[in-house]
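Below you'll find the structure I mean.
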Amino acid sequence: MPHDIKVVPHRMESVTISSEAVVNSLTFSYHDRNGKQRILGPWGGPAGSSFTVSIRLGAFEHLKGVVGTYGPFDSAGNVITSLTFTTNHRKYGPFGRGGGTEFTVPVEVHGSVVGFFGRAGTYLDALGVYIRTY
């Protein structure tokens, strides 16, 4: 099932990832241009989620890149098998065991990831990002 945001994001606030062998689900919150908090997710399913991590970005912390892997898993087809998030302060992850094809979403110096779109069923199948430049 495809997922997307409805209101233009301004600043990422938090990301919550549930994973085990693969990324089971993703939830995130952001602030829109009016400062209102928006929460989306979870995208994906519980699928035995034994490991859940919530990342709350600091006031001056910005999401600067996403690296991950995708590949076939059980009968679900291709899913996100791992995700790692990099901010201007530190790295979070990897979440999931990995394996498969690597993808990288770098962000230019004067930009940050402010939201996500994707596709999910039992697991997180695909993930894209919205980038805001400043």
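Return yes or no: is G93 modelled with pLDDT of 95 or more, on the phi > 0 side of the Ramachandran plot and not β-branched (V, I, T)?
On the way: modelled with pLDDT of 95 or more: yes; on the phi > 0 side of the Ramachandran plot: yes; not β-branched (V, I, T): yes.
Yes; evaluated as a whole, the condition is true for this residue.
On to the next question. Would you pick out the residues in the stretch 4-57 that are surrounded by 19 or more Cβ atoms within 10 Å (Cβ to Cβ), of a type in the set (S, T, Y) and farther than 18 Å from S112 by Cα?
Those that are surrounded by 19 or more Cβ atoms within 10 Å (Cβ to Cβ), of a type in the set (S, T, Y) and farther than 18 Å from S112 by Cα: S18, S19, S25.
Next question, about the same structure. Just to be sure before I move on: is G77 in contact (Cβ under 8 Å) with a residue 12 or more places away in the chain and within 22 Å of S29 (Cβ to Cβ) in the structure I sent?
When the stated conditions are applied, G77 does not pass them.
May I ask you to list the residues in the stretch 20-39 that are free of Cβ contacts under 8 Å to residues at least 60 places away in the same chain and in a strand (DSSP E or B)?
Answer for the stretch 20-39, where residues must be free of Cβ contacts under 8 Å to residues at least 60 places away in the same chain and in a strand (DSSP E or B): T27, S29, H31, D32, Q37, R38, I39.
Also, quick follow-up: Looking at the stretch 60-82, can you tell me whether even one residue there is modelled with pLDDT of 95 or more, part of a strand (DSSP E or B), under 16 Å from the mean Cα position of the chain (by Cα) and exposed (fewer than 11 other Cβ atoms within 10 Å of the Cβ)?
Looking for residues that are modelled with pLDDT of 95 or more, part of a strand (DSSP E or B), under 16 Å from the mean Cα position of the chain (by Cα) and exposed (fewer than 11 other Cβ atoms within 10 Å of the Cβ), one finds none in the stretch 60-82, hence no.
The values are calculated or read from the model by the stated rules, or taken from the named source; none is laboratory data. Keep in mind it's a predicted model, so treat the numbers as computed, not measured. No Cβ is skipped: glycine too gets one built from the backbone with ideal geometry, and neighbour counts run over all protein chains shown.
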